[in-house]
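Only one structure is covered here, and it is reproduced in the block below.
The values are calculated or read from the model by the stated rules, or taken from the named source; none is laboratory data. Predicted, not measured: the structure shown is a model, and the values here were computed from it. Neighbour counts run over all protein chains shown; Cβ positions are idealised from the backbone, glycine included.
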Amino acid sequence: MATLRVISVTGGKGGVGKSHLVANLGVLAAKRGLRSIIVDADVGLASVHVLFGLEPALHVGDVLDGAALDEALLKTPHGVALLPASSGERSLTFLAESQQVLLRQLWDEVAERFDVVLIDCPPGLHRDALHAAASAERVVLVATPEPTSLVDAATLAHTLHAETAVRAVDVVVNGTRSEKQGQLAFGRLQGLATGAPAPRLGYLGSLPDDHNVRRAAALSRPLVTLAPSSPAARAVDRIAAELFDTEPRALEHGGGAVIGLERRLRESASSPTQPGPRTPGRWVS
Ligand SMILES: Nc1ncnc2c1ncn2[C@@H]1O[C@H](COP(=O)(O)OP(=O)(O)OP(=O)(O)O)[C@@H](O)[C@H]1O
Ligand SMILES: [Mg+2]
């Protein structure tokens, strides 16, 4: 049996290409024969199901209200399953005790039934975004080469270090003109991240700006099946090889079979069941 790999894909701000990467990594994991699921933790409008041309009936919130996982799971034609995000403002961080139990059961079931879990995180620094990212053993941070995106990515890296136990982050630079630009952007990000405690930053690679990505989104077809030899698809292939064809990484921040979720549940259990006041200047909503 393959080892469970839980990978979160996060970003300091919206629109950097998280969902595009998650969708295509999910397809490539399934192509390897790995039982794969995308967990959409982002309640935004352009959710990952749109990239597959699917319309969810139920979502993770319904599972926490008692629906079976299979009722909520969407089966894409590409082998990867998809658990749609809760609609509205529902937070997975602050749950009633009965729902914490159901969340734990949900993760146990996911861990049993799948080899690869890809979490599409909400962008930014708010608590749900941090916890979604920290739920994985491997955190992939997507940024674009623009200075503002790199500053946002560095801020997210610092915040993950300060607020969660994430100690290593893999960086993908998306929307590059050349491999060199990706490496330079990663160097800049490393520079921005020094000076305050941050997770160890590794460079997972770059994804070129490629009109095929927009074409795939417009057609609701995954890039790696629509245009497998396009520059962006080949770049996603290289990232998939690094994530899926290497030995799973030892957990950097403790946790059991289902990773940081355990810690997250402990944290939420010791927190108020409703969102408490956020520290000014620290959390953004
Ligand atoms: N490498 C690329 N080349 C060209 N277009 C891209 C590339 N990556 C992403 N895009 C386009 O950028 C837009 C944002 O991508 P995507 O939805 O994946 O970002 P996101 O980080 O998930 O955004 P959000 O935070 O809103 O969920 C989409 O229109 C997508 O087609
Ligand atoms: Mg998205």
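Before moving on, here are some points about what is shown:
- Scope the range 177-208; condition closer than 15 Å to I239 by Cα and without any contact (Cβ under 8 Å) to a residue 60 or more places away in the chain; matching residues: E179, G182, Q183, G202, Y203, G205, S206, P208
- The residue list L125, L74, L141, L156 contains one member that is without any contact (Cβ under 8 Å) to a residue 40 or more places away in the chain and closer than 21 Å to H20 by Cα, which is L74.
- Among the numbered conditions (1) farther than 17 Å from D237 by Cβ; (2) surrounded by 15 or more Cβ atoms within 10 Å (Cβ to Cβ); (3) out of contact with any strand residue (DSSP E or B) (no Cβ under 7 Å at 6 or more places or on another chain), the only one that N212 does not meet is (1).
- Between S98, S135, the distinction of being of a type in the set (S, T, Y) and more than 20 Å from T10 (Cα to Cα) belongs to S98 only.
- The set of residues in the range 132-159 being modelled with pLDDT under 95 and touching a Gly at 6+ places or on another chain (Cβ under 8 Å) consists of A134, S135, A136, E137.
- Members of the range 40-73 that are outside any loop (DSSP other than H, G, I, E, B), more than 14 Å from ligand 1 (Cβ to nearest atom) and closer than 24 Å to V139 by Cα: V60, G61
- Residues being within 10 Å of ligand 2 (Cβ to nearest atom) and either among the basic types (K, R) or surrounded by fewer than 19 Cβ atoms within 10 Å (Cβ to Cβ) (or both) - total across the range 2-42: 3
- Residue ID - farthest from R214 (Cα to Cα), chosen from residues in the range 132-184 that are of a type in the set (K, R) and in contact with a helix residue (DSSP H, G or I) (Cβ under 9 Å, 6 or more places away or on another chain): R167
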